[in-house]
Amino acid sequence: MANRLTTMTATALAATGLLLCACDGSSAWAPARLGFYFNQDGQDANLAYGAANSDDVGLMLQCAKGSHEVELTDVASAKDDASLVLASGDRRLVAPARISVDETGAPLAQTDLPVDSPVLQGFRDSGAIAVSLGRSHYALRARREEAAAVSSFFSACEKS
């Protein structure tokens, strides 16, 4: 699957919960709310974890509608080839990652998975996924209000 990913910034995951800036001592700026967001247009669908309506994305799942194949892209911490380790509940998958660089020079790790792979189905069912790449490890859980976005993404990948 061709790389359909536009700009992803390497700071998206590191900034989670850490961006709180007191500008003049009397006011503070909170970071944009990070979460799962579903989008579809034309023949493509994507589920992004990041800030709404921005390029500030840490994890992206994309598919051509009805293709039954998901391209998972993660912000990489290095430009070296590695394996992506994905887990959801007791389901675990080690997948070879292709490393590329986006327009900003940030390294990205990508892998293609069938939509019905056990780890993706675990994520679909639970809303929880853990991602490891090299020394980088994190876990995400869709909030109750984001469950529909997760479900809609997988449905789009299965139906044309």
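Structural remarks
- Of all residues making up segment 34-90, the number that are touching a Pro at 6+ places or on another chain (Cβ under 9 Å), of a type outside the set (Gly, Ala, Ser) and not in a loop (DSSP other than H, G, I, E, B): 4
- Selection status of residue 136, touching a strand residue (DSSP E or B) at 6+ places or on another chain (Cβ under 9 Å) and at pLDDT below 95: yes
- Hey, residue 131 aliphatic (A, V, I, L, M) and more than 28 Å from residue 159 (Cβ to Cβ) or not: no
The values are calculated or read from the model by the stated rules, or taken from the named source; none is laboratory data. All values derive from a computational prediction rather than experimental measurement. Don't worry about glycine lacking a Cβ; one is built from the backbone with ideal geometry, like all the others, and counts go over all protein chains shown.
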